[in-house]
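Undergrad: The following block contains the structure, expressed as structure tokens.
The values are calculated or read from the model by the stated rules, or taken from the named source; none is laboratory data. Here the structure is a predicted model, which means the values were calculated and not measured. Cβ: placed from backbone, ideal geometry, glycine included. Neighbour counts: every protein chain shown.
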Amino acid sequence: MADLQTDKALIKKRERAAPKYWVEIKGKLYARLQYRSENGKYQVKYRPISDKRTAKRVAEDMRRELETLGEEILQTDKMTFRELAEQYRKANHLAPAVFENGVKVSGRKARIDWAVKALTEHFGAKRLRSIKPSDLETYKQARLNKTTRQGSKRTIATVNRELAMLRTMLNFAIQNDWLIQNPFTKKKGIISTAAEVERDRVLGFAEEERLLSVCTGRRSHLKAILICALDTAMRRGEIFKMRWRDVNFTSGEIFIPQTNAKTEDSRTVGITPRLRDELEKLWQESPKDGD
């Protein structure tokens, strides 16, 4: 009898000495990890669980994260998407592009504030680490079903730009040890550029002739612009920002610098005979200033 009581006492003593991986707080279960912080003090970290049997595994996951990514990963597991957006702004990732000698050295040429705003409205209070692959699909469908302020349906291309921005911001969180894995890695094909409508409408010769024939009188200045667009496929903004120093009559090319290109890639396009005629007329009428 005495031996049995001794055994029970030893078992209770071992149970008290064994680490407790879970705790109940206000009726909710949490996995529990105790660790020594960088300042030498003991800290306790909790993570919600649904079953006591998973407590040890979740606690060990937290310890692996601590050993691999450092203490900050445990301290920022409550970080919301709105907080991430603010950190992204502070890092100047939304700042306008800065060019030096025609080459972009920082910032973004295209404005993307609208995409960040849309993402924050949807994910704002959601914790980064709780964003699942299914949430990406939910966001995509919600945006496609929501009409714009003008009452038109939002295009798949627009939603793709927003999702691409989300992916970039989550990668930024990973780089700063605020997030462990990007949910986009488990949701292949969520950004489908193949589904975007290609703008491949090309005017026929008869249509071109009719269009150019009305470029007379107060519309005469449009002729050179339209011929440039038709023969080079340059964008409207690229044409409007052209300078004479970008036009090389000798090589028969037009240089499009990064500062003018939407894709931020400089390139050259060829000058067709009819475009050369129009450009030469404009050059003769111009003040001959390269800028």
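Undergrad: Please enumerate the residues belonging to region 145-180 that are of a type in the set (Lys, Arg) and either closer than 10 Å to Ala115 by Cβ or touching a helix residue (DSSP H, G or I) at 6+ places or on another chain (Cβ under 8 Å) (or both).
TA: Hits for region 145-180 are Lys153, Arg154, Arg161, Arg167.
Undergrad: Ok, one more. Can you tell me which residues in region 224-239 are closer than 26 Å to Phe205 by Cβ, surrounded by fewer than 15 Cβ atoms within 10 Å (Cβ to Cβ) and not aliphatic (A, V, I, L, M)?
TA: Hit for region 224-239 is Arg236, nothing else.
Undergrad: Is it fair to say Thr216 is more than 30 Å from Lys140 (Cα to Cα), in contact (Cβ under 8 Å) with a residue 40 or more places away in the chain and either loosely packed, with under 10 Cβ neighbours inside 10 Å or not hydrophobic (A, V, I, L, M, F, W, C) (or both)?
TA: no
Undergrad: Further question on the same structure: I want to confirm something. Restricting to region 143-156 and keeping residues that are closer than 26 Å to Glu86 by Cα and exposed (fewer than 13 other Cβ atoms within 10 Å of the Cβ), which single residue is modelled with the highest pLDDT?
TA: So, considering only residues that are closer than 26 Å to Glu86 by Cα and exposed (fewer than 13 other Cβ atoms within 10 Å of the Cβ), the one modelled with the highest pLDDT is Lys146.
Residues are listed down the side, and each one gets a yes or a no for (1) in contact (Cβ under 8 Å) with a residue 12 or more places away in the chain; (2) more than 26 Å from Val202 (Cβ to Cβ); (3) assigned to a strand (DSSP E or B):
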position: Ser251; (1), (2), (3): no, yes, no
position: Lys262; (1), (2), (3): yes, no, no
position: Val269; (1), (2), (3): yes, no, yes
position: Asp277; (1), (2), (3): no, no, no
position: Gln284; (1), (2), (3): no, yes, no
position: Pro287; (1), (2), (3): no, yes, no
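Undergrad: Going by the structure shown, is Ala55 closer than 25 Å to Asn176 by Cβ, modelled with pLDDT of 80 or more, in a helix (DSSP H, G or I) and aliphatic (A, V, I, L, M)?
TA: So Ala55 fails the test.
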